[in-house]
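Undergrad: Dropping a structure here in structure tokens format, bear with me for questions.
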Amino acid sequence: MSHAHVAIVGGGIVGLATAWQLSQRYPHLRVLVLEKEAAVGEHQTGHNSGVLHSGIYYKPGSLRAINCREGKRAMEQFCAAHGVPYDICGKVIVAVTDAEVPRLMNIFERGQANDIKCELIGPERLKELEPHAAGVQAIHVPEAGIVNFRAACRKMQELVVSRGGEVRCSSRVIAIHENASEIAVETTAGSFTADYVVTCSGLQSDRVAKLTGAQPATKIVPFRGEYYELKPEAEHLCRNLIYPVPDPAFPFLGVHFTRMIEGGIECGPNAVLAFAREGYRKTDINLSDLLETLGFSGFRKLALKYWRVGAGEMWRSWSKAAFVRALQHLIPEIRTEQLVPARAGVRAMAVEPDGTIVDDFVIQTSGRIVNVLNAPSPAATSSLNIGKLIVEKLAERLAS
């Protein structure tokens, strides 16, 4: 039976960043990453919009704010050192009406509190940066950027292996047993043992945490984000990143425009309940996943409280015209015929039993096990710093 000093469950960007940070700090330790898919970065990482977030939106002092700022710098340095494509292109957050200006000012104040380079700009400067965007006022965030997170994952995998670690794909974890001397991890590809286990399982984080003996109160509710892409002849309508002023109650909602590092302009997303935790198409249904979601009191309370918002998101999912009208809020020139369907992603939304959405990172340690229970956006941007934080939690034990 193969033995590792640290076994990491999950080969997304948070799991691989943790493995990379471990291999740098403790090159003598054997690190094992277990990934259930045939390749790394196949779920939230691989369906990510590819934005390097600045951290302007997040509550000062929160784990999201701190990790985003430090993680972004670390990701830029990693990409520059290892040839991963990225571009610090900047973004604008646009108040389209006077009614949105107070919320824009609140974001600007957060940006200043988080030590982010940003400036308030008027319509003239906005037209210089994004000639086709509508707005009465905006925030320019020049340090925001774009990156290929899937490529970053593959590079981390390569580097971990080069330092003696192992990344085993097609190895879904089915059981975890801790005893006095080690932790046994059973997978579909065989059994392994480890001194310590870290779970970074994204859409399956609550289920995998339960395998370790934890009993998280929160449950993952999957929300699918659907996108369109501009046809090449319409790509001139967006130069870089154009974002709306978010609703404080739903900061993850609101369609925006994103220039992709591989080329093209992505528009979206909406946010609708996915009928499977890994349901990237409207027709993807996993009855067990769906019944678990519908049977969860937290989801029912969330849905009851915000049914109007949910209905609007669902309407935009089925009506391209409604989706286009939302996009025209930011770029009035957009036309239906300029858009083609693009990929979709599924967000792992951690919800409390009372219906509260958990909006910060949640990392719990028990004995020799670390569970990453919630890693919302900007988890990809923050991943290297989240990995560093996890290593710090293990440091005293690993050094002994």
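The values are calculated or read from the model by the stated rules, or taken from the named source; none is laboratory data. All values reported here derive from a predicted model rather than from experimental measurement. Note that each Cβ is placed from the backbone with ideal geometry, even for glycine, and that neighbours are counted across all protein chains shown. Side chains included, ligands, DNA and RNA excluded: accessible areas come from the protein's heavy atoms. Shrake-Rupley method; radii C 1.70, N 1.55, O 1.52, S 1.80 Å.
Undergrad: Working from Cα positions, state the angle (0 to 90°, nearest 10) between the long axis of helix 13-25 and the longest principal axis of the chain.
TA: Helix 13-25 sits roughly 50 degrees off the main axis of the chain.
Undergrad: Can you return the aspartates and glutamates within cross-link range of residue 210? Criterion is Cα-Cα under 13 Å, with same-chain partners fewer than 8 residues away left out.
TA: 178
Undergrad: Further, regarding this structure: Tell me, what is the percent relative contact order of segment 1-73, built from C-alpha pairs under 8 Å that lie six or more residues apart?
TA: Over segment 1-73, the number comes to 28 percent.
Undergrad: With a 1.4 Å probe and all protein chains in place, put 388, 305, 231, 219 in order of accessible area, largest first. Please report the intermediate quantities before stating the final value.
TA: Working: 388 105, 305 145, 231 65, 219 30 Å².
Largest accessible area first, the list is 305, 388, 231, 219.
Undergrad: How charged is the neighbourhood of residue 138? Take every other residue with its Cβ under 9 Å from the Cβ of residue 138, and add Lys/Arg as +1 and Asp/Glu as -1.
TA: Values: positive: 125; negative: 130.
The answer is 0.
Undergrad: Between residue 97 and residue 247, what length comes free when the chain is fully extended (0.36 nm per residue of separation minus the Cα-Cα distance, one decimal in nm)? Walk me through the numbers on the way to the answer.
TA: Working: separation 150, 0.36 × 150 = 54.00 nm, distance 1.38 nm.
Taking residue 97 through residue 247 to full extension adds about 52.6 nm, to one decimal.
Undergrad: In segment 52-149, what percent of the accessible surface is made up of carbon and sulfur (1.4 Å probe, ligands and nucleic acids excluded)?
TA: Numbers: 2070 of 4080 Å².
For segment 52-149, the apolar C and S fraction of the accessible surface comes to 51 percent.
Undergrad: Also, quick follow-up: Keeping all protein chains in the complex and leaving out DNA, RNA and ligands, what accessible area do you get for residue 306 with a 1.4 Å probe, in Å² to the nearest 10?
TA: Residue 306 exposes around 70 Å² with every protein chain in place.
Undergrad: Rounded, prolate or oblate, given the Cα gyration tensor of segment 304-400, with a/c below 1.5 counting as rounded?
TA: In terms of gyration-tensor shape, prolate.
Undergrad: Another question, if that's okay. Put +1 on the Cβ of each Lys and Arg and -1 on the Cβ of each Asp and Glu in segment 46-166; which of 105, 53, 122 then has its Cα farthest toward the positive end of the dipole?
TA: The residue sitting farthest along the positive end of the dipole is 53.
Undergrad: Still on this model: Count neighbours as other Cβ atoms within 10 Å of each site's Cβ, and list the chymotrypsin sites (Phe, Trp or Tyr not before Pro) in segment 151-226 that are DSSP loop with at most 14 such neighbours. Walk me through the intermediate numbers first.
TA: Working: sites: 192, 196, 223; in loops: none.
Sites meeting the loop and neighbour criteria: none at all.
Undergrad: Of 91/127; 282/305; 219/301, which sit over 21 Å apart, Cα to Cα? Each step should come with its number before you reach the end.
TA: Working: 91/127 13 Å; 282/305 24 Å; 219/301 13 Å.
From the list (91/127; 282/305; 219/301), the Cα-Cα distance tops 21 Å for 282/305.
Undergrad: Could you check how much of the accessible area of segment 1-40 is carbon and sulfur, as a whole percent, using a 1.4 Å probe?
TA: Details: 670 of 1240 Å².
About 55 percent, which is the carbon plus sulfur part of the accessible surface.
Undergrad: When Lys and Arg each count +1 and Asp and Glu each count -1, what net charge do the other residues less than 10 Å away from residue 33, Cβ to Cβ, add up to? Spell out each step's value before the answer.
TA: On the way: positive: 168; negative: 35, 166.
Combined, the nearby Lys, Arg, Asp and Glu give -1.
Undergrad: Let me ask something additional. Which order do 75, 105 take by accessible area at a 1.4 Å probe, largest first? Working shown, then result.
TA: Details: 75 0, 105 60 Å².
Most to least solvent-accessible, the answer reads 105, 75.
Undergrad: If you keep only loop residues by DSSP, which GluC sites (Glu not before Pro) in segment 249-348 have at most 16 other Cβ atoms within 10 Å of their Cβ?
TA: Working: sites: 262, 266, 278, 292, 313, 333, 337; in loops: 262, 278, 333.
Counting only loop positions with at most 16 other Cβ atoms within 10 Å, the GluC sites (Glu not before Pro) in segment 249-348 are 262, 333.
Undergrad: Once you order the gyration tensor axes a ≥ b ≥ c over the Cα atoms, which shape class does segment 1-57 get: rounded for a/c under 1.5, otherwise prolate or oblate by comparing a/b with b/c?
TA: Numbers: a/c = 3.72, a/b = 1.55, b/c = 2.40.
Oblate, because a/c is 1.5 or more while a/b does not exceed b/c.
Undergrad: On a C-alpha basis, how far is the centre of segment 262-300 from the centre of segment 1-45 in Å? Whole number, if you could?
TA: 26
Undergrad: Let me ask something additional. Under a cut-off of 20 Å between alpha-carbon atoms, report the aspartates and glutamates in cross-link reach of residue 36, not counting same-chain residues fewer than 8 places apart.
TA: Straight-distance partners of residue 36: 158, 166, 186, 206, 278, 284, 289.
Undergrad: Once the other residues with Cβ under 14 Å from the Cβ of residue 226 are scored (Lys, Arg +1; Asp, Glu -1), what is the net sum? List each step's numbers first, then the result.
TA: Working: positive: 224, 281, 282, 316, 320, 343, 347; negative: 229, 266, 284, 313.
With Lys, Arg at +1 and Asp, Glu at -1, the neighbours total +3.
Undergrad: Okay, next question. When ligands, DNA and RNA are left out and all protein chains stay put, how many square angstrom of accessible area per residue does segment 89-185 have with a 1.4 Å probe?
TA: Result: 45 Å² of accessible area for each residue.
Undergrad: So, one more: Per the 1.4 Å probe, what fraction of the accessible area of segment 321-375, in percent, lies on carbon and sulfur atoms? Please list the in-between numbers first.
TA: Working: 1140 of 2230 Å².
About 51 percent, which is the carbon plus sulfur part of the accessible surface.
Undergrad: Given 20 °C and 1.002 mPa s, compute D for segment 4-134 with the Stokes-Einstein relation, Rh being the Kirkwood radius over Cα pairs; round to the nearest whole µm²/s.
TA: Values: Rh = 17.7 Å.
Diffusion coefficient, whole number: 121 µm²/s.
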